[in-house]
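Okay, so here's the structure we're looking at.
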Amino acid sequence: CESEQLYWKEVLRRVVAVIKFLGARGLPFRGDNELLSSAHNGNYLGLLELIAEFDPFLKEHLEKHGNKGR
């Protein structure tokens, strides 16, 4: 249970960093769709994908949980 809490804290830490970045600059979050690897998914998902290129933890998380139900 504790390891799952640590896992989701790490996910939340990265998500909050992206939200703070976009909010501080007044940039829009959404794009035309909410699909990962789409050219029109907006700033929020685009930044998460960019960070995932250099962060193995986030990359694995997006591969595991991204676009579920689509």
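The values are calculated or read from the model by the stated rules, or taken from the named source; none is laboratory data. No experiment lies behind these values; they were computed from the predicted model shown. Using ideal geometry, Cβ is built from the backbone for each residue, glycine included, and neighbour counts are taken over all protein chains shown. Note: areas computed on protein heavy atoms with side chains; ligands, DNA, RNA excluded. Shrake-Rupley method; radii C 1.70, N 1.55, O 1.52, S 1.80 Å.
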**Request:** Restricting attention to helices (runs of 4 or more DSSP H) lying wholly within region 1-66, give those where 2 or more residues are basic (Lys, Arg).
**Result:** 2-25, 56-65
**Message:** Suppose the filter is of a type in the set (Gly, Ala, Ser), on the phi > 0 side of the Ramachandran plot, loosely packed, with under 13 Cβ neighbours inside 10 Å and out of contact with any strand residue (DSSP E or B) (no Cβ under 8 Å at 6 or more places or on another chain); does Ser37 pass it?
**Reply:** yes
**Prompt:** All but one of (1) in contact (Cβ under 8 Å) with a residue 40 or more places away in the chain; (2) of a type in the set (Asp, Glu); (3) open to solvent by 70 Å² or more (accessible area, probe 1.4 Å) hold for Asp55; which doesn't?
**Reply:** (3)
**Message:** When you check Gly66 against the structure, is it in contact (Cβ under 8 Å) with a residue 24 or more places away in the chain and either surrounded by fewer than 12 Cβ atoms within 10 Å (Cβ to Cβ) or of a type in the set (Gly, Ala, Ser) (or both), yes or no?
**Reply:** yes
**Fill in**
Residue count, region 10-21, condition open to solvent by less than 70 Å² (accessible area, probe 1.4 Å) and either touching a Lys or Arg at 6+ places or on another chain (Cβ under 8 Å) or not charged (D, E, K, R) (or both), comes to 5
**Request:** Sort out which residues of region 22-33 are touching a Gly at 6+ places or on another chain (Cβ under 8 Å) and open to solvent by 100 Å² or more (accessible area, probe 1.4 Å), and write them in order of number.
**Result:** Arg30, Asp32
**Complete:** By residue number, the members of region 18-37 that are farther than 16 Å from Leu62 by Cα and touching a residue at least 24 places away in the same chain (Cβ under 8 Å) are Ile19, Phe21, Leu22
